[in-house]
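Below you'll find the structure, written out as structure tokens, and then a few comments.
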Amino acid sequence: MKDKILVTGGTGYIGSHTTVELQQAGYDVVIIDNLSNSNREVLDGIEAITGRRPAFVEGDCTDIETLRRLFKEHPGIKGIINFAASKAVGESVHKPLLYYRNNLDTLINLLELMPEAGVKGIVFSSSCTVYGEPDVNPIDETAPIKKATSPYGNTKQISEEIIMDYVASGAPIKSIILRYFNPIGAHPSALIGELPVGVPQNLVPYLTQTAAGIREQLTVFGNDYNTPDGSCIRDYIDVNDLARAHVTAMSRMLDNADTDPVEIFNLGTGRGVSVLELIEAFESATGVKVPYKIGARREGDIEKIWAQPTKANEVLGWTAEVPLTETMRNAWNWQQKLGK
Ligand code: NAD
Ligand code: UFG
């Protein structure tokens, strides 16, 4: 058995897939989640895939006493992956304090307890949103950080700074900051995936719900951008590939004494895909037609962004592998499992 890892937000979308990969790589996982955006049944899915049920604490990471108790009851945790956060960009504009409190208190509590609990490192979920609208694509980790366009995005920028300041102060910890591009898809078993709450704001859950007949029509937000087909471009990364990157990052952080105390990696495929291309990929992968119309641009949307993932490829030894068609099939299988 390898090290014991605390996964905060581990019943969530990316956390559940990462827990599967950690357990399959031999790590012992303890999850803490307050179930504000997930449910307990996710644990059944993880157990069905891996044959092991991770230890689970229902609790809120903004409560430092809950975390202190967790570290006492689960001694020997060596690493943390911090997924626990609120993540709806639009909601964060209307409820900024909720976002600042939830996302920042969670991180600060974990950092504060790490030395006394003997935890060596923390992997942090950041986002390509820190780059804003890039001056050049593909974008690498040295690109400038632009002013955040939402309180959610700002929590990611501030969190990165908090980690860097804390490590620079001499705190006896290490950190790997992972800037995700656009995570999509589900586990190939269709036993875990993304749980939509209300009307999806993101492209893929809206698309699969439209294909399933839950939504009448998908709206493509603008076809007059400065891109080959006029629709926006993103770097869509399969959630299973993303999950595997966390395992690689954890092992690098805990098992190598000579790595820098803070490292930052872009996690993307290196390939830009437009909204129209993504619809086409879904249709050809599944044989299911998606009714769509062209609508107005969405306020605040980035025109085009995709990753330069060379650093992750070379330094982490990780590369995104799952073809987009397979990701689309997994997303569709998961949608069908969820039903209407
Ligand atoms: P998610 O909402 O599915 O998972 C987050 C989990 O954290 C949920 O299960 C939720 O119940 C839990 N949680 C929230 N606040 C908590 C708290 N205070 N204490 C305990 N549990 C708490 O989201 P996700 O898509 O899996 O995202 C995981 C992380 O990755 C987040 O930090 C998110 O900001 C970041 N991220 C996500 C994306 C994306 O597109 N999904 C992109 C970039 C970065
Ligand atoms: N889109 C549509 N129609 C829809 C939904 C989305 O055309 O119904 C388009 C958007 O305009 C955009 C693309 O699909 O061009 C992707 O949109 P998403 O909302 O799926 O993703 P974003 O890139 O806008 O943002 C997501 C997360 C952010 C995160 C960012 C980078 O919502 O939290 O990825 O990780 F910061």
Subject >> Percent accessible area from carbon and sulfur atoms, the chain, protein chains only, probe 1.4 Å >> reply: 49
Original post:
How large is ³J(HN,Hα) for each residue in the range 153-159, as worked out from phi by the Karplus curve 6.51 cos²θ - 1.76 cosθ + 1.60 (θ = phi - 60°), to whole Hz, x for Gly and Pro?
Top reply: x, 5, 4, 5, 5, 5, 4
Subject >> Square roots of 5 times each gyration tensor eigenvalue, C-alpha, the chain, largest first, Å >> reply: 31, 23, 19
**OP:** For every helix of n ≥ 4 consecutive DSSP H residues, a contribution of -39,500 (n - 2.57) applies; sum these over the chain, divide by its total residues, and give [θ] at 222 nm rounded to the nearest 500 deg cm²/dmol.
**Re:** -11500 deg cm²/dmol
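Looking at the chain, what % of its DSSP beta bridges pair antiparallel, to the nearest 5? Intermediate results must be reported in sequence, preceding the final value.
Numbers: 2 of 42 bridges.
Antiparallel bridges: around 5 percent, rounded to the nearest 5.
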**OP:** Set Lys and Arg Cβ to +1 and Asp and Glu Cβ to -1, take the dipole of the range 109-188 about its Cα centre, and tell me which of Ser159, His187, Pro115 lies farthest positive.
**Re:** His187
Original post:
What does the accessible area of His74 come to, in Å² to the nearest 10, when a probe of 1.4 Å is used?
Top reply: 40
**OP:** Convert each backbone phi in the range 135-143 into a coupling constant with the Karplus relation 6.51 cos²θ - 1.76 cosθ + 1.60 (shift: θ = phi - 60°), then list the ³J(HN,Hα) values in order as whole Hz, x for Gly and Pro.
**Re:** 6, 9, 10, x, 9, 10, 5, 8, 5
**OP:** Have a look at Ala212, Ala85, Ala320 and tell me which one the Gaussian network model of the chain (Cα, springs below 10 Å) gives the largest fluctuation.
**Re:** Ala212
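Using a 1.4 angstrom probe, figure out how much accessible area the chain has per residue, in square angstrom, rounded to the nearest whole.
On the way: 14620 Å² over 340 residues.
Result: 43 Å² of accessible area for each residue.
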**OP:** Would you list which lysines come within 21 Å of Lys289, measuring only between C-alpha atoms, while excluding same-chain residues fewer than 8 positions from it?
**Re:** Lys337, Lys340
**OP:** Report ³J(HN,Hα) in whole Hz for each residue of the range 79-95, in order, from the Karplus equation J = 6.51 cos²θ - 1.76 cosθ + 1.60 where θ = phi - 60°; Gly and Pro get x.
**Re:** x, 10, 10, 9, 8, 4, 5, 8, 9, 8, 4, x, 4, 5, 5, 8, 10
Original post:
Among Ser92, Ser175, Ser284, whose mean-square fluctuation peaks in a Gaussian network model of the chain (Cα, cutoff 10 Å)?
Top reply: Ser284
**OP:** Please build a GNM for the chain, connecting alpha carbons under 10 Å apart, and tell me which residue among Lys304, Lys174, Lys146 fluctuates the most.
**Re:** Lys146
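The values are calculated or read from the model by the stated rules, or taken from the named source; none is laboratory data. Everything numeric here is computed off the predicted structure, so don't read it as measured data. Every residue, glycine as well, gets a Cβ built from its backbone with ideal geometry; the counts of neighbours run over all protein chains shown. Heads up: the accessible areas ignore ligands, DNA and RNA and are worked out on the full protein's heavy atoms, side chains in. Shrake-Rupley method; radii C 1.70, N 1.55, O 1.52, S 1.80 Å.
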